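The values are calculated or read from the model by the stated rules, or taken from the named source; none is laboratory data. What you see is a predicted model; the values in this text were computed from it and never measured. Cβ placement follows ideal geometry from the backbone for every residue including glycine, while neighbour counts extend to all protein chains displayed. With ligands, DNA and RNA removed, areas are computed over all heavy atoms of the protein, side chains included. Shrake-Rupley method; radii C 1.70, N 1.55, O 1.52, S 1.80 Å.
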Amino acid sequence: TLASAASSSDSETGGASPPPRKKSRGSAAEGAGESGASATVNAFYKMQANGTGGQEPEPEPEPQLPCRNGESSSSAAEAVHSNGLLSSANNGLPSTESPASDTSMKKKKRLSQSDEDVIRLIGQHLHGLGLNQTVDLLMQESGCRLEHPAATKFRNHVMEGEWEKAESDLNELKALMHSPSAVVRMKFLLLQQKYLEYLEDGKVLEALQVLRAELTPLKYNTERSHVLSGYLMCSHPDDLRAKAEWEGKGTAARSKLLDKLQTYLPPSVMLPPRRLQALLRQAVELQRDRCLYHNTKLDSGLDNMSLLIDHVCSRKQFPCYTQQILTEHCNEVWFCKFSNDGTKLASGSKDTTVIIWQVDPDSHQLKQLKTLEGHAYGVSYLAWNPDDTYLIACGPDDCSELWLWNVQTGELRTKMSQSHEDSLTSVAWNPDGKRFVTGGQRGQFYQCDLDGNLLDSWEGVRVQCLWCLNDGRTVLASDTHQRIRGYNFEDLTDRNIVQEDHPIMSFTVSKNGRLALLNVATQGVHLWDLQDRVLVRKYQGVTQGFYTIHSCFGGYNEDFIASGSEDHKVYIWHKRSELPIAELTGHTRTVNCVSWNPALPGLMASASDDGTVRVWGPAPFLDSQETEGLTECYSMDS
């Protein structure tokens, strides 16, 4: 608009007072005298007013202007860079000559190694999309090459099935490889494909010749050569493809072969397959790993998320908001546990009852389903069997009874008591669902069937907490010697696994059986690696005295840890971070137990001495101002 207004003003005043011209850096017109410069500027403004877009109306040919990439152009109008802008350095004004300093600025800038790598990665990706002309233009303009000419030739010969030429190309590539011995492996892969394609085409004699005269003399991977020879007996191509686990002759199998061959070539010669996608996937996975609140399925693909912004999960998506308060118990609630399929929650109380709650699959609200009564001493521990058909309830230290309930019918199947002097305070199911182990601090340690019949016993073990590993043989038991030992009821062996300096009040084990989470008296929550038998991490923040508090693994992929506390809070940590990422307030007395729903990563429950069970979920929809005031979730970012 500035140019139009100026030329309009010129016409009204007869051109008496033209606007001040912008000084053109390096313009030869500066030395041509004042009148010449004015004429040039006035001509330019007239062109703008006439809408000629800066094209020179004069018939005289203009001197050639160098482009940024070093190529010359026949006129100023043609001196256009790849981004569509004029390449001249004087703001689009035509100039009669360019000084040497200006020419040197316009020479093609030498690309750094990282720039060249990026261009090659982009080129490879575009080539995979079939934009070959764009790739050619990119490589031509940048002065880079996507891959070594010998590699290009090799690629084409492999994809066209010209095996003799591909083998010949290997000799040329050998000099470019870091490990020349890899040529033998590459040749073996080529000949294997050649052999299989002959077999598929029914050319058995040719295939036999490849096996005898080419593959066998390599003396490489003779075991595989024997397997290949067995494919000669295949009577049909479908049979061959099935036995060889091979796609068959064609683009798919040859592309797969090429991917294997590329692994032997240095990236300067041929890029690894789909390298840009691999780098982007790694970046996305790294961002997810660093995200403290990531609690959804890890999708390795790139299609379901944006690459334009960093991955960040909000605390609002995390289960730190009180979704429901269950007040049906009339005394302290000592334990709660979600079923293995996540559809039910069982809570045990000092009021002598167990309540089974149904989880609504859509709203995630809990509704009372059944009440199991009669536990005279109260219920301090619960264990679901693997298929959630049965639930075992245990009592506090002075309770010698164990109750096995059929959850579906609400009927008591077994009420077990070996002796009135026993103390059965803990229980764990064998993975087969047909046996369980139970014990207490008075030295009882039993293995029983569903009817309460004693199968095995271990004398003199004062048990605080129990867990059966997935191998079906090993039982972990924490005892009064501040340790966790592994007991094998089949061969009657035991071994020390964990040794702490303070009493282990409770522990739980991750799904894969690798990690154990311990609540240690006066110390808090400790994470142990059971395989390496080392203490991995001590989590900070929780208040743990000599009350029995039960913590849990939770969230998608069990990336999080939650525990109750004697300061009335629920603490949540990311497994890799010692500091809590959330402190949940709401309970008014000690929080005895926390259970994370194994099927719904955004649902968690906590049981407290205040007589309530709190159900935690993501925050409901709030506007930005309300979100700022959300105080129930306190974060300490590491």
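Some notes on this structure:
- For the stretch 378-537, the carbon plus sulfur part of the accessible surface works out to 40%, probe radius 1.4 Å.
- Selected from Asn221, Gln262, Phe188, residue furthest toward positive end of dipole (the stretch 147-273; charges at beta carbon): Asn221
- Take each peptide in 479-486, 422-429, count the other Cβ atoms within 10 Å of every residue, and average; sorted highest first, the result is 422-429, 479-486.
- Cross-link check: pairs Lys344/Lys415; Lys297/Lys575; Lys297/Lys569; Lys367/Lys511; Lys337/Lys367 evaluated at a Cα-Cα cut-off of 18 Å; pairs beyond the cut-off: Lys344/Lys415; Lys297/Lys569; Lys367/Lys511.
- At R0 = 30 Å, FRET efficiency that the Cβ-Cβ distance of Glu247 and Ile309 yields, to 0.05: 0.20
- Translational D in µm²/s for the stretch 147-273 (Stokes-Einstein at 4 °C, 1.567 mPa s, Kirkwood Rh from C-alpha pairs): 87 µm²/s
- A protection proxy built from the mean count of other Cβ atoms within 10 Å ranks the segments 397-408, 489-500, most packed first, as 397-408, 489-500.
- R0 of 51 Å, Cβ-Cβ distance Leu302-Lys203: FRET efficiency to nearest 0.05: 0.75
- Reducing the stretch 294-370 and the stretch 145-164 to their Cα centroids gives an inter-centroid distance of 56 Å.
- Applying 0.36 nm per residue to the separation of Asn331 and Arg514 and subtracting their alpha-carbon distance, the gain on full extension is 62.3 nm.
- Relative contact order of the stretch 147-273: 33 percent, from C-alpha pairs under 8 Å at least 6 residues apart in sequence.
- Charge context of Ser400, other residues only, Cβ under 12 angstrom, K/R +1, D/E -1: -3
- Debye-formula intensities of the stretch 381-499, expressed as log10 I(q)/I(0) at q = 0.13 Å⁻¹, are -0.45 (one equal scatterer per alpha-carbon, no solvent).
- With a Förster radius of 51 Å applied to the C-beta separation of Glu421 and Gln287, the computed FRET efficiency comes to 0.30.
- Counted by Cβ distance under 12 Å from Met416, the other residues give a net charge of -2, where Lys and Arg count +1 and Asp and Glu count -1.
- Computed over the stretch 119-182, the percent of Cα pairs more than 15 Å apart is 59.
- Neighbourhood net charge (15 Å Cβ-Cβ; Lys/Arg +1, Asp/Glu -1) for Lys538: -1
- Computed extension length for Lys367-Asn496: 42.1 nm, one decimal, from 0.36 nm per residue of separation with the Cα-Cα distance subtracted.
- Ordering 269-275, 349-355, 282-288 by mean Cβ neighbour count within 10 Å, with the highest value first, yields 349-355, 269-275, 282-288.
- Low-density loop cleavage sites - chymotrypsin sites (Phe, Trp or Tyr not before Pro) in the stretch 514-607, where at most 14 other Cβ are within 10 Å (DSSP): Phe546
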